[in-house]
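As structure tokens, the structure follows; a few thoughts come after it.
Coordinate-derived values only; no laboratory data. All figures in this text were calculated on a predicted structure; none of them were measured in a lab. Positions of Cβ are generated from backbone atoms using ideal geometry, with glycine treated the same way; all protein chains shown enter the neighbour counts.
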There are 2 protein chains.
Amino acid sequence: MNLDNLYSELTLKTSAKIALVVLDGVGDIAIKENGEMTPLEAARTPNLDALVAQGVAQGRMIPVAPGITPGSGPGHLGLFGYDPLEFQVGRGVIEALGLGLELKPGDIAARANFCTLDKAGVITDRRAGRIATEVCQELCGKLTKKIKKVGDVEVIIKAGKEHRFVVIFRGKGLEGPLTATDPNREGLKLLEARPENPKSAGQKKAAKAVAEFVKAALPVLASHSKANGFLMRGIAHQPEIPLFQDRYLLKPACLAVYPMYKGLAQLVGMTKIEGPTTIAQQFERYLAEYANYDFFFIHFKYTDKYGEDGNFEAKRKAIEEFDAALPILLQKKPDVLAITGDHSTPCPMKGHSWHPQPVLIHSAFSGSDKLDRFTETGANLGSLGVFEAKFLIRYLQANARMFDKFGA
Amino acid sequence: MNLDNLYSELTLKTSAKIALVVLDGVGDIAIKENGEMTPLEAARTPNLDALVAQGVAQGRMIPVAPGITPGSGPGHLGLFGYDPLEFQVGRGVIEALGLGLELKPGDIAARANFCTLDKAGVITDRRAGRIATEVCQELCGKLTKKIKKVGDVEVIIKAGKEHRFVVIFRGKGLEGPLTATDPNREGLKLLEARPENPKSAGQKKAAKAVAEFVKAALPVLASHSKANGFLMRGIAHQPEIPLFQDRYLLKPACLAVYPMYKGLAQLVGMTKIEGPTTIAQQFERYLAEYANYDFFFIHFKYTDKYGEDGNFEAKRKAIEEFDAALPILLQKKPDVLAITGDHSTPCPMKGHSWHPQPVLIHSAFSGSDKLDRFTETGANLGSLGVFEAKFLIRYLQANARMFDKFGA
């Protein structure tokens, strides 16, 4: 029997409130240079410690599979209970979400960036000399003005940072994925975007739209000295993802500050609550919206940001900032509260990693693992063990008593 | 390669004796109200402690899948090494086993209960006013007397507690599952039991037999003021389960007191050893039967019973009763001994739960996790980690040196 079907069959509607607090990239590794401490261990977290003392179950989560370092997309899909191997989101889609573009089902999104071509059309600089963001915006504005449609397909262009931008193709019957137009090195010409499945009519239509767009766009850029061409990658459509609310019988809301996380939440049908910009404000808003939703995804970016910078002290302080705000959330304690990351972002690695992130669950039925704090090494000793992140939501539902007994 | 096939190919016949002691529902959660202790932690268990001191491997087991709370059926199938998602046992079958009925392969079993119908056939009380068990027995006796067969299908009826009973349909070519005749609420009429797969000839035949039975049975009950109708649910056939002895090359015996556990053991082909009613007597009988079997499933009910009652003290004492009897078992120590539960039944929840149950394995090759006691938080630290219960039997076989090396 399919396990997702079993979960669905056993799911009961309850009035329980669940909050999932994601400290992005919170997991870290202890190295000698940092006093063999992780930021979670080094941080002063009196409020988190008090929560642990009230009784929590701890463990560590494998974001995707052993040794796999996830991007934010797979990391969050896993947390939302969608197997990141089954539900893959193209890089173009992620990039579009990151720029705050709203995607519709069937939209094809592509990551693009300006490049320099010589007279023969050979790529001489894959990043167009990393033109300034303002130049990118100006060029994207030009393209937008000139190209609204290719055939019956609407084209939406949005500038990103430096040489980067995103192109959305919106129309009937489009499908991805397509191969990249980027040959991946200089000294070669642009490639055609081709259907990954040559039999797919939708991919053929999308490939035609991309080709027409390239044909229409190159003349618009021709006069620019550096950015007279562009490369496209990760050309894929927004995947069909079962709605969170249908899948878990929970009405979900997203309290995130950064566009990408709002976008990922929106992909699974969460309602975006706009406005708050600090974790304290996010928790305040949770209090205000408590009655309106069953599930709150609350995203805190800075643990990841400072991990990416390799800034141990700043990551530690970010955790302390979260800890200082935690009592606001606890003013209306959700029936089930999870605190975790979407992956680890160890400071010594200055990037995402595969290290299982620590997780805690607090509810009337979580029991207590009798640990003093919430840390990586503490979580190693917890009752949840090491498990795949896609099962977290199932534990949260179980703690919310949302599952009927299986069998007699 | 299919993993079960691999295990089979590697399995060697040895003379090792394995005992699996199931303290039903032993796992629990620590909450403040119980001094942040579980019954296992609170119990005085000198004999278990001595066993742990001799060297045991510990861990925790997920009965079915993360967050899933199993009934006794899936819980025990998992312990017997059968994936509970693959081998599903209908509620009618479990109920029949619980009443001590012996099922044959192909039998269809249904959970039934008396209900009250008005003159138009509308259900006015789904439990027939919870008639006394004696009344139920009398009515089942009447039905048995009047209805021995429907067509070529034999009918077996057995009364349960209060308004509950079980009906077995025995004949060639019958298959389940069928939909329930129970509309699940009052104010509606009885439904027809229909094949869940409309293309199955066996299910059609079974549905016909059920319909004829209902037609024949209602007139027999018509004169009763309360129990003039009945509802049927969980109508399914006994699944085809590979025999335990063939699968593991172990000759198995069941030492259980309660009918349901004897029935579950019988489902996989264990020999039921009848007679003992206390855990001490069960262990005595194990000594007497030591030479006759390779595998002993010894079931202790009371940890679950008192967990269901939410009676912490009684659950603690049940563990102490088991501990006091343990030296009897150890007079002829099996080569491999496992002590665990089929799931957790936390006192604060007064019911089964999804929390992984603790497990210990003791053998000459179990090694020692150097823990002082056998408890939930101790088991969190053990070498077995958190794993699916269906793999326990494989660890027991491995400890019994029943597996050849895989590959060179």
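Listed values, structure above:
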{"read-out": "Mean separation of Cα contacts under 8 Å (6+ apart) over length of segment B:290-408, as relative contact order %", "value": "21"}
{"read-out": "Percent breakdown of C-alpha pair distances by 10 Å bin, ordered from the shortest bin, for segment A:93-237", "value": "13, 45, 35, 7, 0"}
{"read-out": "Alpha-carbon spread of segment B:1-41, three principal axes, descending order, Å", "value": "50, 28, 13"}
{"read-out": "Nonlocal Lys pairs with alpha-carbon distance under 19 Å, segment A:1-160 (8 or more apart, or different chains)", "value": "8"}
{"read-out": "Interchain or long-range residues, amide H under 5 Å from B:PHE296's placed H", "value": "B:ILE18, B:ALA19, B:LEU20, B:ALA253"}
{"read-out": "Label 7 Å beyond Cα on the Cβ vector: B:THR278 copy-to-copy distances, nm", "value": "6.7"}
{"read-out": "³J(HN,Hα), Karplus 6.51/-1.76/1.60, whole Hz, each residue of segment A:3-15, x for Gly, Pro", "value": "5, 4, 5, 4, 4, 4, 4, 8, 6, 10, 7, 10, 9"}
{"read-out": "Counted charge near B:VAL52, where neighbours are those whose Cβ lies closer than 11 Å (Asp, Glu -1; Lys, Arg +1)", "value": "-1"}
{"read-out": "Label point 7 Å beyond Cα along the C-beta direction, distances from B:PHE406 to other copies (nm, shortest first)", "value": "2.2"}
{"read-out": "Efficiency of FRET between A:LEU330 and B:MET1 - r from beta-carbon atoms, R0 41 angstrom, step 0.05", "value": "0.25"}
{"read-out": "Percent of beta bridges antiparallel (DSSP, the protein assembly as shown, rounded to nearest 5)", "value": "65"}
{"read-out": "Percent breakdown of C-alpha pair distances by 20 Å bin, ordered from the shortest bin, for chain B", "value": "26, 51, 22, 1"}
{"read-out": "Exercise: per-residue mean of other protein chain Cβ atoms within 10 Å, A:53-65", "value": "1"}
{"read-out": "Taking chain A and dividing mean pair separation by its residue count, relative contact order in percent (alpha carbons under 8 Å, at least six apart)", "value": "33"}
{"read-out": "Estimated translational D of segment B:218-277 in µm²/s (Stokes, Kirkwood radius over Cα pairs; 20 °C; 1.002 mPa s)", "value": "146"}
{"read-out": "Local net charge near A:HIS343, Cβ-Cβ under 10 Å (Lys/Arg +1, Asp/Glu -1)", "value": "-3"}
{"read-out": "For peptides A:320-327, B:229-236, sequence by mean Cβ density within 10 Å, most packed first", "value": "B:229-236, A:320-327"}
{"read-out": "DSSP-defined beta bridges in chain A - what % are antiparallel, rounded to 5", "value": "65"}
{"read-out": "Neighbourhood net charge (12 Å Cβ-Cβ; Lys/Arg +1, Asp/Glu -1) for A:GLN266", "value": "+1"}
{"read-out": "Karplus 3J(HN,Hα) series, Hz, for segment A:107-112 with 6.51 cos²θ - 1.76 cosθ + 1.60 (x for Gly, Pro)", "value": "4, 9, 10, 10, 6, 9"}
{"read-out": "In degrees, nearest ten, helix B:201-221 long axis to first principal axis of chain B (Cα)", "value": "60"}
{"read-out": "Average beta carbon contacts from partner chains per residue of B:20-32, 10 Å cutoff", "value": "2"}
{"read-out": "Average Cα contact separation per residue, segment B:23-132, under 8 Å, 6 or more apart, as relative contact order %", "value": "11"}
{"read-out": "Rg/Rh for the protein assembly as shown, where both radii come from Cα atoms and Rh is the Kirkwood radius", "value": "1.04"}
{"read-out": "Listed peptides B:125-135, A:297-307, A:18-28, B:200-210 by packing density, highest first (mean Cβ within 10 Å)", "value": "A:18-28, A:297-307, B:200-210, B:125-135"}
{"read-out": "Estimated vicinal HN-Hα couplings, Hz - segment B:126-132 in sequence order (Karplus 6.51, -1.76, 1.60; Gly, Pro = x)", "value": "5, 10, 6, x, 6, 3, 5"}
{"read-out": "Ascending list, in nanometres, of distances separating the A:LYS32 label from those of the other copies (7 Å, Cα toward Cβ)", "value": "4.4"}
